[in-house]
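Trainee: I have a structure here, written as C-alpha cells, and I will follow up with some questions on it.
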Amino acid sequence: MMERRVRQLLAVPELGIAFALLFFSALFWLINPALLTTGSLGAMLRALAFVGIIAVGQTMLMIAGELDLSVGSVAGLCAVLASWLTKEKGWAVPPAVAAGLLAGGAVGLANGLLAVRARIPAFIVTLGMLYIARGLNYLLCAGYPIYPLPAALAGMGKASPLGLSWAFFAFLGIAALGQLALARTVYGRAIYATGGNCEVARLAGIRTGAVKIGCYVLTGALAALSGMLLMAQLNVGQPEIGAGWELEVIAGVVIGGVSLFGGVGTIAGTVLGLLLMQVVRSGLALSSANTHWQTVAVGAIMIAAVGLDLWRRRAKR
C-alpha cells in the first residue's frame, strides 16, 4: 500500500520538483540565510525571466516531440536587428520591435518546415540554424555593440515599482497563458496527442505537422521577444545576447518534468524547474563555493531528472 502511494506521488513530476525546490531552499538557507532575503529573491526572479520566456515555447515544442537548439542565437539576432533598425535606419520603436518578432517567427517557421516537412532531424536543423543566426548577428553589427538606443526602447527594460524587471512580469503572463493553452484548449490537447503518439494523432484527424510547425514559430517568436527585452534592459544591442541560452532553456524544461520523448510535461513544471536551477546556483554562490560547481550541479540535476522520467515510464509499463 505504501509503495503504491509512493509510486503515485512520484508519477506527478511537478510534485517531485516542488519537494526538491523546498529541500534545496532550506539547505542553502541554513548555510546562508541571505538566500531568502528580498534582494536575493528579486535577483533570482530577474535572472530567470529571459530564459523563462523562451522556455514556455520550448516546453510546448518538446511536448509535441520536437526540439529547438537555435533559440539563443535567434534571441541575439532579433535583438541586434531591432537595435540596428532604430539606430542605423531611424525606425520608430514599435515597427522595429515588430520586425524583430517577425524575424524570430520566420526562423521558427524555417526550422519547422525543414524538420517536419523536409524530415531533416530537428537536432541537425536547429543546430545549423544556431550557427546561421549567430553568423548573421555578427554580420549585421560587425561584432560591435549598437548604441545609444532610443529612450522609448530603453524604457522597456527599466525595473518595475516592485523592483522586478518588466521582463519578469512578461514571463509570468506568458507562462500563465501557455499553461492555460495546454490545459484548456483544443490546440493544447493536440500538442499532447502529437507528442504522445504522432501516428495515432494523425489517424484521429489531427494535423500533426501543423501543430509542430506552430510550436516552432511560437518558440522563435518568444526567443526574439526575450532577446529584445534584455537588449532594452542593457540599453545596448549586444551581439552576445542569448549566448548559451539554448542549453539553459533545455535544462530548465527537462528538470521541470518535460519528457524528451514528448507527450508529457506542463508549463508549471518548467517554472519550478527554472526556479530550482536558480536556487541551486544562487545557493552555491552565497555559500562561497567555486562558481564552476554551479554548472556541475545543474548538469547533475538534469541527469537525475531524465533518469526519473525514464523510471516513471518503466513503472507505468
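The values are calculated or read from the model by the stated rules, or taken from the named source; none is laboratory data. Model, not experiment: these values are computed from the prediction. Cβ: placed from backbone, ideal geometry, glycine included. Neighbour counts: every protein chain shown.
Trainee: For segment 62-91, enumerate the residues that are more than 18 Å from SER226 (Cα to Cα) and without any contact (Cβ under 8 Å) to a residue 24 or more places away in the chain.
Mentor: The answer is LYS89, GLY90, TRP91.
Trainee: Please enumerate the residues belonging to segment 109-152 that are small (Gly, Ala, Ser), farther than 20 Å from LEU85 by Cβ and out of contact with any Pro (no Cβ under 9 Å at 6 or more places or on another chain).
Mentor: Result: ALA110, GLY112, ALA118, ALA122, GLY128.
Trainee: Out of segment 74-115, which residues are in contact with an Asp or Glu (Cβ under 8 Å, 6 or more places away or on another chain) and more than 15 Å from ALA221 (Cα to Cα)?
Mentor: Within segment 74-115, ALA115 is the sole residue that qualifies.
Trainee: Are any of the residues in segment 59-70 in contact with a Lys or Arg (Cβ under 7 Å, 6 or more places away or on another chain), among the hydroxyl-bearing types (Ser, Thr, Tyr), at pLDDT 95 or above and under 21 Å from GLN238 (Cβ atoms)?
Mentor: No, that holds for no residue.
Trainee: Of the residues that make up segment 128-147, is at least one closer than 30 Å to THR208 by Cα, crowded, with 20+ Cβ neighbours inside 10 Å and of a type in the set (Ser, Thr, Tyr)?
Mentor: No: zero hits.
Trainee: If you check every pair at least six apart or on different chains, which have Cβ atoms under 7 Å apart with a residue in segment 106-124 that is at positive phi and of a type in the set (Val, Ile, Thr) first and a residue that is assigned to a helix (DSSP H, G or I) and surrounded by fewer than 21 Cβ atoms within 10 Å (Cβ to Cβ) second?
Mentor: Listed pairs, sorted by first residue: none to list.
Trainee: Picking from GLY252, GLY188, GLY205, GLY163, which residue would you name as being at pLDDT 90 or above and on the phi > 0 side of the Ramachandran plot?
Mentor: Answer to the selection: GLY205.
Trainee: Now a separate question. Inspect all residues belonging to segment 252-263 and state whether any of them is in a helix (DSSP H, G or I), touching a helix residue (DSSP H, G or I) at 6+ places or on another chain (Cβ under 9 Å), polar (S, T, N, Q) and surrounded by 17 or more Cβ atoms within 10 Å (Cβ to Cβ).
Mentor: no
Trainee: What tally of residues in segment 51-74 results from selecting those that are of a type in the set (Ser, Thr, Tyr) and either more than 16 Å from TYR192 (Cβ to Cβ) or part of a loop (DSSP other than H, G, I, E, B) (or both)?
Mentor: Adding up the residues that qualify gives 2.
Trainee: Same structure, new question: Given the residues GLU246, GLU199, GLU240, which is the only one that is modelled with pLDDT under 95 and under 15 Å from GLU66 (Cβ atoms)?
Mentor: So the residue among GLU246, GLU199, GLU240 that is modelled with pLDDT under 95 and under 15 Å from GLU66 (Cβ atoms) is GLU246.
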